[in-house]
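Following: one structure in structure tokens, then a few remarks.
The values are calculated or read from the model by the stated rules, or taken from the named source; none is laboratory data. Just so it is clear, the structure is predicted and the values come from calculations on it, not from any experiment. Backbone-built Cβ (ideal geometry, glycine too); neighbour counts: all protein chains shown. Ligands, DNA and RNA are excluded from the accessible area calculation, which covers all protein heavy atoms including side chains. Shrake-Rupley method; radii C 1.70, N 1.55, O 1.52, S 1.80 Å.
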Amino acid sequence: MNRKIFCVLLLSAWTSVSFSQTDIAGGASAVSVSFPQSETTALSSSDATSRSDSPRRLSFTVNPQQRFHKSIPSGNYSGITYLGGNRYALVSDKAAEDGFYVFRIDLDSVSGKITNIVNEGYRSAGMPNRDMEGIVWFPLTGTVFVSGEKDNAVYEYSLDGRRTGRRLEMPSVFTSATSNYGLESLTYNAVTHRFWTTTESTLPADGPQAGPFKPVRNRLRLQSFDDRLHPTEQYIYEMDEPALRKLARHYAIGVSELCALDDGRLLVLEREFFSSSSAVIPYANVSCKLYMVNPSAVQQPGQLYVQQPLSGHMSAQQSVQVLEKELVAEFRTKLNLFRQNLANYEGMCLGPKLADGSRVLIMVCDSQNRYKGILRDWFRTVVMR
């Protein structure tokens, strides 16, 4: 058996969900973890902290990942947004042209699992690809906004795929982002009337970027915008240190997506990808951690790093207060001798409510166009109760 055939046979994957439970193919395993949530979405920061009653708990249930290779094209799916009903818009960062797909995604109203996906086609802007990474639905105008990592810009599009000419007024500091660690995420919430975005890794002027032999914490600027597309609040988010300390053939670590909730909180998806440098025993691993942060809980002067967009860069002499974060879910996927379930999750959005009132989080992965027939376009849902 030659080396190429041997390596292909070795490329299979094992998937696990944290908190001592395993996501077994064909099984129904799931994981739940709780965190405090305010009882009402209308509380101000001062109201929230002055309440004496205990907040109710919200659990996260992670469903097994699924694929629908017969009904959707292979892609580099990097962002997803809910349009209403069963329709969603998705971006693929290596599509031939700037634009987005529209899919119909049906969910089981009890479990939140996906039952079917249908591709309605690609809506092209008729312009070159700009490494589209995030997409959000903007109900006030019936349009979508798409972030690009190549130009670090967020443009507005009509549902036929054409640009409207409007864009988010991005603070100039974000133009310094490196091309492969630029604007990766984008989210919008119609209750809070806020867009949010951030870079995948630390801006060059804000410090070193993490890596397998650079065990530092990436420090990111979470930037918000109002409905007029003007920049508003900015907060500092600090990632976990890299878990890996070994030579890699391919490696990436960063925040791949944000999701804004109705109560003002944000879900932050941290992702660390590794593939071995060995040509004899190929191996790859993706670790995904889903964190919750609450920007509105920061209220005392000095706790916020900055309330308005920066015109300059972070100073090493500045005392920077980072957002507190809480881990709400974690899962890992691998390519090894046993299974082929590697999933590099890059997009997520809130979907519809289930029969019991729970909310569904839908996640999509970038399969590099189903690389060499081994990687797959995985989807995963997380139910929030």
When both residues are 6+ apart or on different chains and their Cβ atoms are under 7 Å apart, which pairs have a first residue that lies in region 361-385 and is free of Cβ contacts under 8 Å to residues at least 60 places away in the same chain and under 25 Å from Gly112 (Cβ atoms), and a second that is of a type in the set (A, V, I, L, M) and open to solvent by 10 Å² or more (accessible area, probe 1.4 Å)?
Leu375/Leu342
Matching residues in region 341-360 - criterion: being within 13 Å of the chain's Cα centre (by Cα) and assigned to a strand (DSSP E or B)
Tyr345, Glu346, Gly347, Met348, Cys349, Leu350
If you check Arg123, Arg130, which single one turns out to be farther than 30 Å from Thr61 by Cβ, over 19 Å from the mean Cα position of the chain (by Cα) and buried (at least 17 other Cβ atoms within 10 Å of the Cβ)?
Arg123
Within the set of pairs 6+ apart or on separate chains, which have a first residue in region 149-175 that is on the phi < 0 side of the Ramachandran plot, a second that is basic (Lys, Arg) and in a loop (DSSP other than H, G, I, E, B), and C-beta atoms under 9 Å apart?
Glu149/Arg130; Lys150/Arg130; Asp151/Arg130; Ala153/Arg130; Tyr155/Arg130; Glu169/Arg228
Name the strands (runs of 3 or more DSSP E) wholly within region 85-194 that hold at least 3 residues that are at pLDDT 95 or above and under 20 Å from Met348 (Cα atoms)?
87-92, 97-107, 114-128, 132-138, 143-148, 153-157, 183-189
With the condition kept exactly as written, say whether any residue in region 197-208 is surrounded by 15 or more Cβ atoms within 10 Å (Cβ to Cβ), touching a Ser or Thr at 6+ places or on another chain (Cβ under 7 Å) and outside any loop (DSSP other than H, G, I, E, B).
yes
Quick one: which residue in Thr175, Thr187 is among the β-branched types (Val, Ile, Thr) and within 19 Å of the chain's Cα centre (by Cα)?
Thr187
Is region 324-340 home to any residue that is in contact with an Asp or Glu (Cβ under 8 Å, 6 or more places away or on another chain) and part of a loop (DSSP other than H, G, I, E, B)?
no
Restricted to region 230-253 and to residues being at pLDDT 90 or above, more than 14 Å from the chain's Cα centre (by Cα) and buried (at least 17 other Cβ atoms within 10 Å of the Cβ), the residue nearest to Gln321 (Cα to Cα) is Ile236
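Quick check: anything in region 90-101 on the phi > 0 side of the Ramachandran plot and open to solvent by 10 Å² or more (accessible area, probe 1.4 Å)?
Scanning region 90-101, I find no residue that is on the phi > 0 side of the Ramachandran plot and open to solvent by 10 Å² or more (accessible area, probe 1.4 Å), so the answer is no.
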Per the filter on region 211-224, residues in contact with an Asp or Glu (Cβ under 7 Å, 6 or more places away or on another chain) and open to solvent by less than 40 Å² (accessible area, probe 1.4 Å) are Ser224
Checking Ser256 against (1) buried (at least 23 other Cβ atoms within 10 Å of the Cβ); (2) out of contact with any Asp or Glu (no Cβ under 7 Å at 6 or more places or on another chain): exactly one of these is not met. Which one?
(2)
Filter pass, Leu140 being more than 19 Å from the chain's Cα centre (by Cα) and open to solvent by 60 Å² or more (accessible area, probe 1.4 Å)
yes
Odd one out for Ala153, checked against (1) of a type in the set (Gly, Ala, Ser); (2) more than 30 Å from Asn63 (Cα to Cα); (3) out of contact with any Ser or Thr (no Cβ under 9 Å at 6 or more places or on another chain); (4) crowded, with 16+ Cβ neighbours inside 10 Å
(3)
Residue in region 66-84 that is surrounded by the fewest Cβ atoms within 10 Å (Cβ to Cβ), counting only those that are in a loop (DSSP other than H, G, I, E, B) and in contact with a Ser or Thr (Cβ under 7 Å, 6 or more places away or on another chain):
Ser74
